[in-house]
Amino acid sequence: MEPLRAVFLVVIVFSCGLTAETTKKVVDLQSRDYSALYNFGDSNSDTGGMAAAFFPMIAPCGETYIHRLAGRGFDGRLIIDVIGMLQLMFAPLNSAEHLALPLLSPYLDSVGTSFRHGANFATGGATIRRQNESWFQTGVSPFPLDIQVEHYPQFKARTAYFYNQGRRNPELKTNIRWSHWLLSVATIKVQNPEPGYLDDHGCKTSQNHMAVKFNKKLKHSIIQLRAELSEATITYVDMYRAKYDLIRNAKEQGTLLSNQCNAKEEGFENPFKICCGLHGIDFDVWCSKKATINGSEVYAGSCAKPSAIISWDGVHYSQAANNWIASRIVNGSLSDPPMPITQACRKKI
């Protein structure tokens, strides 16, 4: 059994707050016009849903940025966290060219949450299709994508109840959809593979071919969806390409995005190295766990420098990798159509 295998779909919906006018013109919405952010996905964008529904995360999760247990199975911020606050690479610090939204509250959490700027329906272990499995046995979330999507109209109806009758509900004008497969960044258990089993960069060939095929069909479906939903702006982001590029060019990529991070840019280390956890041919000690190996008790703590590692625990990416990926999402370099997120709400009305 390999430490890393997963497929998931993340759908982000920005609420842009457009006001319709009778004359046709191009409305150039700046970041202040993004009123909310809604997210659906699995642990890679779960900001505390599963921690609220079941058990809280334990240290060393949260050690890099948040410095406390905040419901994320990572060392720090997720891609969705970074997107909410990230400056565009080309924008000055005093510019409005950023989203400037607070950290997204999980829909399932009832303590200390705020839904003024959206909600997060993602839960760790979520799948696209329903699975006849138990979270206690296999770790599969009881909140797959269709249940998360069902939560949204419930959320909308319940929050609308508290709205002042004179206020207008914001229109949802932009959908940003990602689809990406986790690459096999942990190949410690692959011994003497047959020719072609791994590609030139050490990733599992069949899994990545499947991801490429899946994303090709998804992109075709999005083209059809654009025709059906002419009033929406749908942006496709190739997350697979972002993560694959990061792994194959790890040492040439900067781990940090800007001076906001108060650190110097440098390349990542071996892309197959895991920061938190111990794995071998016949054993797995997952992050924050203890086990006895060869008669000695070991503790799987975090590495000395998470900012130089792509994989946090063999399943999730580190904050540094999430920062790198989020920058490509925000600047639009991997988007179709290719435009920064802050311009995604430009629309003829």
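Would you point out the residue of region 71-90, among those that are open to solvent by 20 Å² or more (accessible area, probe 1.4 Å) and within 20 Å of GLY41 (Cβ to Cβ), that is modelled with the lowest pLDDT? Among residues in region 71-90 that are open to solvent by 20 Å² or more (accessible area, probe 1.4 Å) and within 20 Å of GLY41 (Cβ to Cβ), the one modelled with the lowest pLDDT is MET85.
Yes/no per residue for (1) outside any helix (DSSP H, G or I); (2) among the small types (Gly, Ala, Ser); (3) modelled with pLDDT of 90 or more:
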residue: HIS220; (1), (2), (3): no, no, yes
residue: THR235; (1), (2), (3): yes, no, no
residue: TYR244; (1), (2), (3): no, no, no
residue: GLN260; (1), (2), (3): no, no, no
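If the condition is being modelled with pLDDT of 80 or more and among the β-branched types (Val, Ile, Thr), then region 246-258 contributes only ILE247.
Would you confirm, using the coordinates I've provided, whether ILE128 is open to solvent by 20 Å² or more (accessible area, probe 1.4 Å), at pLDDT 50 or above and closer than 20 Å to LEU78 by Cβ? In short, yes.
Which ones in region 237-253 are under 15 Å from ALA211 (Cα atoms) and open to solvent by less than 10 Å² (accessible area, probe 1.4 Å)? Lay out the reasoning, then the answer.
Within region 237-253, the first condition is being under 15 Å from ALA211 (Cα atoms), and the residues that meet it are 237-245.
Hits for region 237-253 are VAL237, MET239, ALA242, LYS243.
The values are calculated or read from the model by the stated rules, or taken from the named source; none is laboratory data. Just so we're clear, the structure is a prediction, and the values are computed from it rather than from any experiment. Positions of Cβ are generated from backbone atoms using ideal geometry, with glycine treated the same way; all protein chains shown enter the neighbour counts. Protein only, heavy atoms only, side chains kept; ligands, DNA and RNA dropped before computing areas. Shrake-Rupley method; radii C 1.70, N 1.55, O 1.52, S 1.80 Å.
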